[in-house]
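Trainee: After the structure tokens below, expect a handful of questions from me.
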Amino acid sequence: MTSALDREFAPLQTALNLRAQRQQLLSANIANANTPGYKAVDVDFSAAFKAALSGQQTGGLPLKTENARQLAGNTAPAGSNFIAYQAGNNVSLNGNSVDMNREQAAFQKNSIQYEADLTFLTGKIKTLTSAITGN
């Protein structure tokens, strides 16, 4: 059974986790811009977010537990089923499909969206704190 706080913060936590994962993928794309044969990847944020909110599994292997106090967890990060090669990028002669302009723009946009989600979460926490303390 989930608490009211869990229900309130779960969507924002999911969004932050997915945006952080996407930031890592975009960083890897930028870092491998000159790597021969590297194919740029990205996560379908919208589909991964909807799947996470609806409770669909993300395809990871469950961890084996030996004690009732251990958490089962999941080895795959949220949204891992929605990571795919980017379509529409030109492939260079060395087989690399990273478009630096696209990657840098996506990286910046994702950073701004992450900060917006974090600001929204901070506002919710401040509102709840104010309601609890009466200030």
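The values are calculated or read from the model by the stated rules, or taken from the named source; none is laboratory data. As the structure is a prediction and not an experimental result, all values here were calculated from the model. Positions of Cβ are backbone-derived with ideal geometry, glycine not excepted, and every protein chain shown enters the neighbour counts. Each accessible area value is taken on the protein alone, full model and side chains, heavy atoms only, with ligands, DNA and RNA left out. Shrake-Rupley method; radii C 1.70, N 1.55, O 1.52, S 1.80 Å.
Trainee: Between ALA116, VAL43, GLY134, whose Cα lies farthest towards the positive end of the dipole of the chain when Lys and Arg beta carbons carry +1 and Asp and Glu beta carbons carry -1, centred on the Cα centre?
Mentor: About the Cα centre, the residue reaching furthest to the positive side is GLY134.
Trainee: Just the number, please: carbon plus sulfur as a percent of the accessible area of the chain, 1.4 Å probe, no ligands or DNA/RNA counted.
Mentor: 57
Trainee: Per residue, how much accessible area does the chain show when a 1.4 Å probe rolls over the protein heavy atoms, in square angstrom?
Mentor: In whole numbers, the chain has 68 Å² accessible per residue.
Trainee: With the Cα gyration tensor of the chain giving a ≥ b ≥ c as the square roots of its eigenvalues, does the rule (a/c under 1.5 for rounded; else a/b larger than b/c for prolate; else oblate) give rounded, prolate or oblate?
Mentor: oblate
Trainee: Where in the stretch 104-135 is the amide nitrogen less than 20 Å from a point lying 7 Å along the Cα-to-Cβ axis of LEU71?
Mentor: none
Trainee: Counting alpha carbon pairs within less than 8 Å and at least 6 residues apart, what relative contact order, in whole percent, applies to the chain?
Mentor: Computed value for the chain: 32 percent relative contact order.
Trainee: Something else: Could you list which residues have their amide H under 5 Å from that of VAL41, counting only those 5 or more apart in sequence or on another chain, with H placed in the peptide plane?
Mentor: The answer is GLN86.
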